[in-house]
Amino acid sequence: MSFADSSNYFFEAAANMLELSDETITLLSQPYRELHVQVPIKMDSGKRKVFQGFRVQHSGARGPYKGGIRFHPAVDLDEVRALAQLMTWKTSLVNVPFGGAKGGVNVDTSVLSETELEDLSRTYFENISHILGIQRDIPAPDMGTNEQSMAWMMDAYGAKHGHSPGIVTGKPIALGGSQGRTAATGKGVSIVIDNYFRNNNRSLKGQRVSIQGFGNVGLHTAKSLKALGCKIIAVSDVSATIIDNAGLKIDQLEKHIVSGNLLDSYNGAKQGNRDDALIADCDILIPAAIGGVINDKNWESINASIIVEAANAPISPYADYQLTKNNVAILPDILANAGGVIVSYFEWTQTIQQHWWTIQEVDKELQKMLTDACEACFMIQKEKNITLRQSAYYIGVKKVVEALELRGFI
Ligand code: GLU
């Protein structure tokens, strides 16, 4: 099953529940527009190298297209298509006035110099800029990109169109970014988990957490959950898993990774294989890296009773089915990792109004919007006796269809 087929699998289940017409299903199971661009850059060696770039706009029914840009060797049109669709349901579910899009370049950034990376970011953005706009399509960071990438992209766009800080979110604060955007996805993951535990009258204190992927999202998830009383017992990156059943020292780990080190050179805890984080003996498992890591090959080895999708699409439909049958609770990506796009929305409004919020205002609004979305999901889940993913999709898809109907598209 391709990545896009898996995202359609969850969409079609919601479409059946909502009794959508075949035409509506056709419209929403495919993107509105797909752009594939060549991204030629001059390498430090003087040679030219051509990379493949994409921007897919899935649905603009509820507002301008919105979604990150991924720089990763696994990026292809199929993946970007699936991720763009997820953004449509995510923005709808959490009530931000955007549609869904995603972009990406097939590249291994670890072998590029800073100059090559800057050139790649600028050239890619220039090549997709004719379909972007502050009221049309607003990119943001995703895997392999960060606030520096957004700064280069905003600058490249501004050189042609005049100063346009609203063209991206996730940019540095010094260029008009928002307080709290960098930590937003991870903080959001912890807010959703906290809501889930409250809804089940359970305490988060002492819950043992394993996090697969220790980039920006994994790190901030760990910090926020620790602050809520959880014990982070395992974290992993491409090089290793590190494990401490007494609880890892997250501050020490942060220092280790921000200086550019991988976990296999960390001495403060026991080392394991890269994939050990997924099968660790824990209460809450948080995949926070790439898609499809929990699949038909390894779902039986999962020990956690709760899986929280900080990454986009980390669980294949087959594994989702089997784990659900085994009573594993899954907090779905379009809810669990929506904190990022929510604070992107705050950033977009701040940039347009040229009026800046404090971190306290950002945190309070983030907490409120995610709690509202969680409560809506819990309500539909109970009312219809379905999974949290089905309930999140039901709400997300329903609002997009309403917007399409009102506009007269269907
Ligand atoms: N890349 C993030 C996501 O997958 C954020 C997107 C955004 O802020 O537009 O949700």
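Report whether or not Ile306 is surrounded by 17 or more Cβ atoms within 10 Å (Cβ to Cβ), over 27 Å from Thr145 (Cα atoms) and not charged (D, E, K, R). Here the answer is yes, as Ile306 does meet what is asked. The set of residues from region 44-61 being within 14 Å of the ligand (Cβ to nearest atom) and among the basic types (Lys, Arg) comprises just one member, Arg55. Scanning region 228-259 for residues that are touching a residue at least 12 places away in the same chain (Cβ under 8 Å), exposed (fewer than 15 other Cβ atoms within 10 Å of the Cβ) and in contact with a helix residue (DSSP H, G or I) (Cβ under 9 Å, 6 or more places away or on another chain) gives a single hit, Val238.
Output the residue which, of all residues in region 193-205 that are part of a helix (DSSP H, G or I) and of a type in the set (A, V, I, L, M, F, W, C), is surrounded by the most Cβ atoms within 10 Å (Cβ to Cβ). Write out each step before concluding.
Taking region 193-205 and keeping what is part of a helix (DSSP H, G or I), we get 193-199.
From what's left, of a type in the set (A, V, I, L, M, F, W, C): 193, 197.
Numbers: Ile193: 26, Phe197: 18.
Only one residue tops the list, namely Ile193.
Within region 169-192, if we keep just the residues that are buried (at least 24 other Cβ atoms within 10 Å of the Cβ) and more than 16 Å from the chain's Cα centre (by Cα), the residue that is nearest to Met379 (Cα to Cα) turns out to be Ser178. Taking into account only those residues within region 372-408 that are among the hydroxyl-bearing types (Ser, Thr, Tyr) and touching an Asp or Glu at 6+ places or on another chain (Cβ under 9 Å), which is surrounded by the most Cβ atoms within 10 Å (Cβ to Cβ)? Checking each candidate, the answer is Ser391. Residues that are crowded, with 24+ Cβ neighbours inside 10 Å and within 28 Å of Val168 (Cβ to Cβ) occur at least once in region 314-321. Within region 62-81, being within 8 Å of the ligand (Cβ to nearest atom) and charged (D, E, K, R) holds for Lys66, Arg70. Among the residues examined, Phe378 qualifies as modelled with pLDDT of 95 or more, in contact with a helix residue (DSSP H, G or I) (Cβ under 9 Å, 6 or more places away or on another chain), away from the ligand (no atom under 16 Å from the Cβ) and closer than 25 Å to Gln85 by Cβ. Total residues in region 127-141 satisfying the condition of being in contact with a helix residue (DSSP H, G or I) (Cβ under 8 Å, 6 or more places away or on another chain) and not hydroxyl-bearing (Ser, Thr, Tyr): the figure is 8.
Give the residue, chosen from Glu114, Glu118, that is surrounded by 18 or more Cβ atoms within 10 Å (Cβ to Cβ), away from the ligand (no atom under 15 Å from the Cβ), free of Cβ contacts under 8 Å to residues at least 60 places away in the same chain and acidic (Asp, Glu). Walk me through it before giving the result.
Details: Glu114 fails: surrounded by 18 or more Cβ atoms within 10 Å (Cβ to Cβ).
Exactly one of Glu114, Glu118 is surrounded by 18 or more Cβ atoms within 10 Å (Cβ to Cβ), away from the ligand (no atom under 15 Å from the Cβ), free of Cβ contacts under 8 Å to residues at least 60 places away in the same chain and acidic (Asp, Glu), namely Glu118.
Within 11 Å of the ligand (Cβ to nearest atom), part of a strand (DSSP E or B) and buried (at least 24 other Cβ atoms within 10 Å of the Cβ): which single residue out of Ala84, Ala101 fits that description?
Details: Ala84 fails: part of a strand (DSSP E or B).
After ruling out the rest, the residue left standing is Ala101.
Listed by first and then second residue, the pairs with beta-carbon distance under 7 Å, at least 6 apart or on different chains, first residue in region 70-91 and closer than 17 Å to Met1 by Cβ and of a type in the set (Lys, Arg), second assigned to a helix (DSSP H, G or I) and within 12 Å of the ligand (Cβ to nearest atom), form an empty list.
Quick one: count up the residues across region 290-338 that are away from the ligand (no atom under 16 Å from the Cβ), part of a loop (DSSP other than H, G, I, E, B) and under 20 Å from Gln381 (Cα atoms). Final tally of qualifying residues: 4.
Return the residues of region 339-353 that are within 10 Å of the ligand (Cβ to nearest atom) and touching a Leu at 6+ places or on another chain (Cβ under 8 Å); say none if nothing qualifies.
Going through region 339-353, the residues within 10 Å of the ligand (Cβ to nearest atom) turn out to be 339-345, 347-348.
Within region 339-353, Gly339, Ile342, Val343 meet the criteria.
The values are calculated or read from the model by the stated rules, or taken from the named source; none is laboratory data. Quick caveat: nothing in here was measured; it's all calculated off a predicted structure. Glycine gets a Cβ as well: all are built from the backbone with ideal geometry, and neighbour counts include every protein chain shown.
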